[in-house]
Amino acid sequence: MHRDYSLPKVEGEQLRVAAGWLTVAVGFLLASGVYPLLLALARTTYDMPWKDSFSFYTMLVLHVDFTVLWWLLAIAGVFWTLSSNGRGLVWSKLAMLLVVLGGVFAGIAPLLADANPLTNNYVPMLENNSYFRNGLLLFGFGILLLTLRGLIAVSFRDVFRPDETGAVQFGVWSAALAGLVAIIVLIWAFLVMPEGLEGRAYYELLFWAGGHILQFTHTALLLVCWLWLASICGAKIPGGPKLVMGLFMIGVLCVLIAPWPFLTLELSDPAFTTWYVWLMRDGNGVAPFFIGLMVFWGLLYAERPTERNHHLYMSLLFSIGLFAVGGVLGLFIGESSTLITAHYHGSIVAVTMAFMAMTYYWLPQFGYASPNLKWAKIQVYTYAIGQFAHIVGLAWGGGHGMKRKVVGTTQDIGDIGFAFITPQNLVGIGGAVAVLSGLLFAIVVLPAIIRGRSDNTSVAGGSEV
Amino acid sequence: MSDSDGKESLNYPLLLATIVIIAIMVGAATMKLLGGDPETKVAKVKITKEQLADFTAHIDEMVAGYTVRVDEKGWPVVHPPAGSDVYILARAYNFGRFTLELEKGKSYQLKLTSNEIRHGIAVRELKLKETINLGEIRSVAFRPEKAGTFDMVCSEFCGYGHESMVGRLIVTE
C-alpha cells in the first residue's frame, strides 16, 4: 500500500469555493505576465496610451506583487478551503471578493494616479498612490479573513491525526498559522515604526518581519505539494507521517517565536533585521531538506511516469531541483548582487512550479475539462529550462558583481563569460523563455476554466490521476 | 493512487542525472570558495567599547588632517599620504560620511572595525574583500592597482539598509 499524502475528498459548495480561488489565482498569474507585455508594446513605435503610466520599475512592482502575493496566496486559498471542515464558507467568499477587488485597484493604480515605484523587498510599493495602497489594504483584509478561517474552520482531530492525510492537513494548517503571524507582525511593525523614516527604508522595515514569516507559508504549502504530487506519481515516501509532522512542526515553532525581536529590539536596530534572516535561513530550510530527500527517495523507486502524470512528475522533480539550487545559492550571498535574485528566484519559482502542477491536477477534479497533456508537458519543460537558465545567469553575473534591480547599461560587469554566451544573455534568454512558458501555462489552463465547471460529478482530493 | 505490482526498481537515469547535477553544483561552489577572496596580509586586534571611541577619534583626525576638497555630494574628499593608516568604521548603513582618495600603486594599512554588528567591505575591481567584526580591529595591507572611481560595498548582510551601504573610493594615477 502506497502512503497517500493528500487532502480528503470534498464536494459541493466547498469545492465551488476552492474552484473560485483557483480561478482567481490563475487570473492574477496571467495579470502578472501582462505587465512585461505592456512594457514591450510601449517600446514600439506606436503611441500606446499607457506609455507614460508604466515605467520599468512600475511594471516590476506590479509583476512581483501579483506573483508573490496574489497568485501564491490565492492558491493557498485553494488549500485552506479544501482542508477546512466546510463551515463558514461565507468568510472565504468575502475574502475572495476583497482579494479580487484589491487586485483590480492595485492593477490599474498607475493609470489613475502618479506613482513612485519602490523596489523594497517582499512587497514592492507604488508610493503616494492611494489606489495601490487601498488595493493592498483590501488584499490584506482578505488574506486576514482567509487565514483566520483556515486556522479555525478545521477539524482539529483530523489536523493532528498522525497519518498521511493528517500530516498534509497539519502542513496546510501550519501555513495558515504562518500567514496570520505574518499579518500580526506587519501590523506590529506599523505601530512601532520609528519616526522620520520614509520611502524605501520605511517599507523595507514595514514588510521585513511579515515578509520573512510569509515565506514559511509558501514553504509549508510547497512541501504539501511535493508530498501530494509524489503520492499522485505513486512514490512510496519513507519516514512516515509522524516524521513529516515533526518537520512541519519546526516551521510552526519558528513562526511562534517570530514576534520575539519586537519585545527585545528596536525596529531600526540592524540586529532586528538580521534576526529574521537567521530565522528564515536556519528555520525554513530544515523541513524542505529532509522532506525533499524523502520525496526524492520515493521517486527513485517509483514507477516511471505515464502519459497521464508525466507533467506532474517532472514538475515535482524540477521544483525540488530549483529549490535546492536556490537554497545552495543562498549560502553564498554577501554583497548586494543578482546572486540574491538568483537565490530568491530558485526558491519562489520552485513554489510556483509546484502550484502550477497542482493546478493541472485540480482542474478535472474541480469539474473543469482536463488540460491538454502534451502542451502541459511542453510548458513544464520550457518553464523549468527557462528558469534554470535565468537563475544560472543571475548567479553567474552576481558572482561578478552584477547589480540587482537595474536594467540596461547599469548591469555592466565588464567582459565576463564566453564569446557565445554571457551572464546577461542567459538572464535575458532564460527570462524570456520563462515568461513565454508562463503565458503558455495560461493558454493551456484558461480554455478549461473558461468552458466552466460540470458540478455533478466533481470531487476533489485523494491522489488518483 | 496508481497501482503497483509491488516490485521496486531503482530509477538509474534519474539517479545519474541527479549525481551529475550535484557534481556541477559542488564544483561551482568549490571554485567560488577557492578562487573567491584574494590573499591579503591581515592582522586582528580585539577592542573594547572604550577603544572604539579612540578609533572614532582617529577617523576625525584623519578627516580633519587630510581633506583636500569637497565632492559634489558635499562630502570631504580625504587623501591620506601613501603608507599611512586609513581608518574606516562600518556602521548601519555607511562607511563614514567622506570619500576616500588613494594613489595607485601605493601601499596603505586599512584599519577596519564595526560600530554594531558584522559588516564587510568589498571593492571588487581592486580585489579587496574583508569581513568587519564588532569588537575587533582588522588591519589589512592594501595597494590599489587600478585608477578610477569605485564603489565600496558591504559584503555581509547587515539589515534593511544593506543594499544602500555604499561608500566611494577614488584611486588617482
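Values in this text are rule-based calculations from the coordinates and carry no lab data. From a predicted model like this one, the values you see are computed outputs, not experimental measurements. Please note: Cβ atoms are built from the backbone with ideal geometry, for glycine as well, and neighbour counts cover all protein chains shown.
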Take the Cα gyration tensor of region A:61-142, multiply each eigenvalue by 5, square-root it, and list the three semi-axes largest first, rounded to whole angstrom. 27, 13, 8
Checking rank on A:12-22, A:88-98, with mean other Cβ inside 10 Å and highest first, the result is A:12-22, A:88-98
Exercise: per-residue mean of other protein chain Cβ atoms within 10 Å, B:22-31: 2
Sorting A:TYR276, A:TYR313, B:TYR66 on the 10 Å Cβ count, fewest up front, what's the list? B:TYR66, A:TYR276, A:TYR313
May I ask you to sort A:ILE257, A:ILE291 by Cβ crowding, counting other Cβ atoms within 10 Å and putting the fewest first? A:ILE257, A:ILE291
Ranked A:HIS343, A:HIS63, criterion: other C-beta atoms within 10 Å, fewest first: A:HIS63, A:HIS343
Using +1 at the Cβ of each Lys and Arg and -1 at the Cβ of each Asp and Glu in region A:1-154, identify which of A:ASN120, A:VAL26, A:PHE66 lies farthest towards the dipole's positive end. A:VAL26
Which whole number gives the average, over all residues in B:148-156, of C-beta atoms from other chains lying within 10 Å of the residue C-beta? 2
Which listed residue (B:GLY96, B:GLN51, B:ALA141) has the Cα farthest towards the positive end of the charge dipole for region B:40-172, taking +1 on Lys and Arg C-beta and -1 on Asp and Glu C-beta about the Cα centre? B:ALA141
Using only atoms on other chains, find how many Cβ atoms lie within 10 Å of each Cβ of peptide A:298-309 and report the average. 3
Rounded, prolate or oblate: which fits region A:238-290, taking a ≥ b ≥ c as square roots of the Cα gyration tensor eigenvalues, rounded meaning a/c under 1.5, else prolate when a/b beats b/c? oblate
Chain A: DSSP helices with Cα axial extent of at least 27 Å and average Kyte-Doolittle hydropathy no lower than 1.6: A:89-112, A:164-191, A:423-451
Label A:PHE289 and B:SER164 with points 7 Å out from Cα along Cα→Cβ: what is the distance between them in nm? 3.5
Cβ neighbours within 10 Å, averaged per peptide: list A:130-137, A:382-389, A:344-351 in order, most packed at the top. A:344-351, A:382-389, A:130-137
Per-pair calculated FRET efficiency, R0 = 41 Å: A:ARG157 and A:ARG304 via Cβ, rounded to 0.05: 0.60
Hey, which of these cross-link pairs are over 20 Å Cα-Cα: B:LYS49/B:LYS129; A:LYS9/A:LYS374; B:LYS104/B:LYS127? B:LYS49/B:LYS129; A:LYS9/A:LYS374
Can you check what the net charge comes to around A:SER370, using other residues whose Cβ is under 14 Å from the Cβ of A:SER370 (Lys, Arg +1; Asp, Glu -1)? +3
Among A:294-300, A:353-359, how do they line up from the highest to the lowest mean number of other beta-carbon atoms within 10 Å? A:353-359, A:294-300
Calculated FRET efficiency for the pair A:TRP375/B:LEU134, C-beta based, R₀ 56 Å, to 0.05: 0.50
So for R0 = 41 Å, FRET eff. of B:SER84-A:ALA271 from the Cβ-Cβ r, to 0.05, ends up at 0.75
Show log10 I(q)/I(0) for the protein assembly as shown at q = 0.12 Å⁻¹, two decimals, from a solvent-free Debye sum over equal Cα scatterers. -1.30
Residue-averaged 222 nm ellipticity for chain A, from DSSP H runs of 4+ at -39500 (n - 2.57), nearest 500: -23500 deg cm²/dmol
Spatial extent of chain B: Rg and Dmax, with the Cα atoms as the point set, Å: 22.9, 84
Using only the alpha-carbon atoms of region B:89-173, report the extent along each of the three principal axes, biggest first, to the nearest angstrom. 35, 24, 20
If I model a spin label as a point 7 Å beyond the Cα along the Cα-Cβ vector, how far apart are those points for B:LYS41 and B:THR56 in nm? 3.2
